[in-house]
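This report refers to the structure that appears directly beneath it.
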Amino acid sequence: MPARLVNHESADENRIELLQGTLDMLILRTLQFGPQHGHGVGQAIRQSSDDLLKIERGSLYPALHRLEARGLISSEWKSSDLNRRAKYYRLTPDGRKQFAAEQSKWNLLVRAIRRVMRPA
Amino acid sequence: MDWRLWRRKQRETDLRDEIAHDLALEAEERMRAGESAQEAEQASRRDFGNVLLVKEDIREMWVLTSLDRLVQDVRYGWRTLRKNALFTTMAALTLALGIGANTAIYSVLDAIMIRALPVQNPGELVILNWASAREPLVMDSHTGAEYNEPDGRRTSPDFPWPAYELLRDHNNAFASLFAHQDLGQLNISARDQAEIGRVELVSGNFFSGLGIVPAAGRLVDENDNRGSGSQVAVLSYSYWHSRFAADPAAVGQTIRINSLPFTVVGVAPPEFFGVKAGRAPVLYVPMMNRPSLARNYGNEHDTMFINPRFYWVSIMGRLRPGVTLARAQTEVAARFRQFALASAANDAERAVLPELWLQEGGSGVDSLRRQYSKPLFVLMTMVALILAVACANIANLLLARAASRRREIAVRLSLGATRLRMMRQLLTESILLALPGGVLGLCIAIAGIRFLTWLLAGASDDFSLRVQLDWPALAFTLAVSLATGIVFGLAPALEATRMNITPALKEVRSSSARKRGSPIGLTQILVVSQIAFSLLFVLGAAFFVRTLANLRSVAIGFNQDHLLTFRVDASQAGYKGAELSALYARMEQRFQGLPGVRAATLSDVLLVSGSNHDTSVYLPGVPKHKGRGGPSTSYAEVGPTFFETMQIPIRLGRAIGSTDVSGAPIAAVVNELFAARYFPNRNPIGQRFRMGNSEAGDLTIVGVAKNARYSSLKGVIPPVVYISYLQDIIKRPPIGMYFELRAAGDPLALATSVRKVVSDTAPRVPLTNIRTHSQSIETTIMQERTFADLCSAFAMLALIIACVGLYGAMAYAVSRRTNEIGIRIALGAERPRILWMVLREVLALSAAGIGLGLAAAWGAMSGIASFLFGVKPADPLTIALATGVLLGAVVLAAYAPAARAARVDPITALRQE
């Protein structure tokens, strides 16, 4: 299922489709800073992209569950700051490794695309 | 509640709560931004999208991750296995053979050596034995078994009756001490049908001591053993079934044992087969009947219950609760020592007294164990080696396959499969592989048990071992092979999944399997060890086959062709003395007159059947040797035409003839060995001597016969004296005789007319052991034949397995090196060179394996030396032959991959990647 990004600066219909797995990479990146619940993950991605990216929650939750099933993240129910019970996700050792691998792949991709786009 | 259902529910609530939490947080944020509560909540929902659809998405994932995944794994595994049909078949077959053969052997071992008697608390049972450094002189005569222990002592489980009574009545260690004796095969007739069956004498407390409850009626008790004993019998359950159709009315009926009437009083329970493995009695009768049933040697019958120097009764005991074996032994050994001391007449006798020792008796008396434990141990070792070879092979096949699947695994990992998932997949495949192997193994085990029981029964007519499939053994072998599959299936998988994906993806198939400089891989080690094991088997097979061939080509000294032999024992039907001899003479004449019979004779010992009669020899002018160890000889009582019929040439003088009858001077024909040993440098004809068990005076040598094999094919031929059975010189009751009929055609075709002659001449006289003489000689080398057959089969099996392993390894190596080979050819390497390059590697592996195998054989040979005949363990010809066979097989297995390497087309090879 393709994750969709919303670019708030342009109009709503100006949506781009991310490469497969990019949402997963973003989730793994966010969880590197510590355990977080689903809503928090979405917020963090939005904030750290200076509101350029807004993750659709309808894509976020299936992605979280998929990552959990693959053993890259794990979850537990904890009390949140507001004393409410929430499901917190954290990275597993496998998840850390997977993230490292994806990050280097991503850097390679970015470099490659930048080189290709330079003449323009 | 079902665990899975519970988890499902739990996950549903979790998901609901998680989404609710998200919606609430979003709404709160919007409210903080100034929206009204209602607006905020609606916006939050709208923004989230279709909650139901998202939930559906997630649920779908759950299903895929659990049950369906297993199905997926199984399907995928099945496809992979089917794609590699050769690999699958080989691996499953190897597994099945390993599992099946091991289980079968272990089941038989268990039945003979380990399984407990089906009685109450078998752990409390002990067997009484004695041991002494030499043959005890206080023992005048002994009926039963005597064994030479490896440490040189002699041991036996038989005691004098007064010793039994003494120990039974004066001890604090035993709750019960009971006695029994195996009378062997007797003539039993019930409901007008005569047959041969094993009869066991038992003391009155035998059944109560063992704690056995009758299936019908009652068992033998103390009252039956008063005075001369009541003539009652307890039937075995199987005899009750076969002869009386399990009719309860059998109790009270009369049966005849050697024509004496006995009343049936009860039936033993179905699970009880006596206390001797493989020797199940048909009837149990009170001990006091021994004088009327057992053969009488000298005046044994009058004194057997009072003579302290006649050893014959076997004793078992049940320890009192809490008494240890050691404590009981201290007590009864001291008492038996006093007894033996009291029975000694002089200092010489006092010097070698038998010492009593106790042995755990939970699995019964051990005569069968002694007979078969060593051959079974050898078999067990062979089969364990086969299992090792099988496991090595599976490991090898899996390793080769895992290596070839590195790319596949890498691709699946990069597409998002987790390590756990991959391991589960490989584990599923290993188990899928093991399952058919296990099922097939079970079938082989069942067939193997039948085969082994048949094999062990081989020679004896009344072998009745109950072998059951040993489930723990099956589980064990299954576990071992499964573990091999898992370890070797998973270890490469683990490594593969831990690997960095990118290089593996880039890896082209043609790169070298192993890096130069690290030439020894696990595969190579496995191949070498397989070759080493196979060599062991091939060597073993070669030794046993040669042993068998040597035994078969032994010159036996008479003509065994077209010879029908059988045993007739008229004494069991009540014939005695002169009446008996006359009956045998009448039968002999009738047999001689049968159409198709060229000649007929009889003898009390069947030549080369494993039995023998020995006695001491007194020579004129030589002082009588007191005790044992003096001149002795084997002897045979024969009929008038014995030498003619058997075709044993007479070297000097004449054969035993029709004039050598009761009243005539006693004539003896001796073999050349006897003449040379006792009358060296003299003409033996006319010389006189006496035999130890003869009271009829001197024997005169009338002839010298060519040496012929006497009791066995192995060992040295003893001195032998042949005398006429009609001269009544041996002071003991006449017993059964073997008849030997030289047939014109097929000897077994005479069986019917022989039976008719016997039943016409003397109804109720049993006729047993009808077979050709060659058959009975063959049964004496049954063990050697078994080893030769089994070891050849195993060697073939091991060779096939090893060759499959080698073929797999080489084919794989060649396919990995196609590219390299292509380059070599392109650069001008000649094809024979390529062929040699591959074969050289195989030969190097073989050389290592053969070296190891020979070293191992060197160590193992001492273990089987006692089974060999006419072959030395270091026989260079045998070793060269075995090595040659192995090398041939190895080269054959490696030739196809090597030839494929040589045929590589450089263009295709280089274009491949």
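How many of the residues in segment A:66-76 are at the interface with chain B (Cβ under 8 Å from one of its Cβ atoms) and exposed (fewer than 13 other Cβ atoms within 10 Å of the Cβ)?
So the first thing to find is which residues in segment A:66-76 are at the interface with chain B (Cβ under 8 Å from one of its Cβ atoms), and the list is A:66, A:69-72.
Those left that are additionally exposed (fewer than 13 other Cβ atoms within 10 Å of the Cβ): none.
Within segment A:66-76, residues that are at the interface with chain B (Cβ under 8 Å from one of its Cβ atoms) and exposed (fewer than 13 other Cβ atoms within 10 Å of the Cβ) number 0.
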Residue hits (segment A:80-114; under 13 Å from A:Met25 (Cβ atoms), away from chain B (no Cβ under 11 Å) and among the basic types (Lys, Arg)) are A:Arg96
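Looking only at strands (runs of 3 or more DSSP E) that fall completely inside segment B:92-206, which ones have 2 or more residues that are touching a helix residue (DSSP H, G or I) at 6+ places or on another chain (Cβ under 8 Å) and touching a residue at least 12 places away in the same chain (Cβ under 8 Å)? Before the answer, list the steps.
Numbers: elements: B:125-132, B:154-156, B:174-190, B:193-202.
Counting at least 2 such residues, we get B:125-132, B:174-190, B:193-202.
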On the given criteria, is B:Leu70 at the interface with chain A (Cβ under 9 Å from one of its Cβ atoms), under 60 Å from the mean Cα position of the chain (by Cα), surrounded by fewer than 14 Cβ atoms within 10 Å (Cβ to Cβ) and modelled with pLDDT under 80?
-> no
Kindly indicate the residue of segment A:41-58 that is buried (at least 20 other Cβ atoms within 10 Å of the Cβ), part of a helix (DSSP H, G or I) and not charged (D, E, K, R) and also farthest from the other protein chains (Cβ to nearest Cβ) among those meeting that condition.
-> A:Ile45
Run B:Gly663 past the list (1) touching a strand residue (DSSP E or B) at 6+ places or on another chain (Cβ under 8 Å); (2) on the phi > 0 side of the Ramachandran plot and report the number of the one that doesn't hold.
-> (1)
Does B:Ser632 meet the test of being assigned by TED's automatic domain parsing to the domain that holds B:Gly657, of a type in the set (S, T, N, Q), out of contact with any helix residue (DSSP H, G or I) (no Cβ under 8 Å at 6 or more places or on another chain) and over 18 Å from B:Tyr725 (Cα atoms)?
-> yes
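Answer yes or no as to whether A:Leu5 is modelled with pLDDT under 65 and more than 11 Å from chain B (Cβ to nearest Cβ).
Values: modelled with pLDDT under 65: yes; more than 11 Å from chain B (Cβ to nearest Cβ): yes.
Considered against the rule, which asks whether it is modelled with pLDDT under 65 and more than 11 Å from chain B (Cβ to nearest Cβ), A:Leu5 comes out as yes.
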Of the residues in segment B:255-287, those that are of a type outside the set (Val, Ile, Thr), in a loop (DSSP other than H, G, I, E, B) and closer than 10 Å to B:Leu235 by Cα number 3
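Would it be correct to say that B:Pro248 is under 18 Å from B:Leu219 (Cα atoms) and surrounded by fewer than 23 Cβ atoms within 10 Å (Cβ to Cβ)?
On the way: under 18 Å from B:Leu219 (Cα atoms): yes; surrounded by fewer than 23 Cβ atoms within 10 Å (Cβ to Cβ): yes.
Answer is yes for this residue.
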Do you know which residues across segment B:876-910 are over 28 Å from B:Trp836 (Cα atoms) and either of a type in the set (Gly, Ala, Ser) or crowded, with 16+ Cβ neighbours inside 10 Å (or both)?
-> B:Thr878
Hey, does segment B:553-560 have a residue that's modelled with pLDDT of 85 or more and at positive phi?
-> yes
Neighbours by Cβ (under 8 Å, 6+ apart or cross-chain): first from segment B:5-28, under 17 Å from A:Lys78 (Cα atoms) and within 11 Å of chain A (Cβ to nearest Cβ); second of a type in the set (A, V, I, L, M) and buried (at least 16 other Cβ atoms within 10 Å of the Cβ) | B:Leu15/B:Ile58; B:Glu18/A:Ala86; B:Ile19/B:Val51; B:Ile19/B:Val54; B:His21/A:Ala86
Filter pass, B:Thr565 being assigned to a helix (DSSP H, G or I), crowded, with 16+ Cβ neighbours inside 10 Å, β-branched (Val, Ile, Thr) and touching an Asp or Glu at 6+ places or on another chain (Cβ under 9 Å) | no
Within segment B:230-245, which residues are surrounded by fewer than 21 Cβ atoms within 10 Å (Cβ to Cβ), assigned to a loop (DSSP other than H, G, I, E, B) and of a type in the set (Gly, Ala, Ser)?
-> B:Ser230, B:Ala245
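The values are calculated or read from the model by the stated rules, or taken from the named source; none is laboratory data. Fair warning: this is a prediction, and the values are worked out from it, not measured in the lab. When we count neighbours, we look across all protein chains shown, and the Cβ atoms used for this are built from the backbone with ideal geometry, even at glycine.
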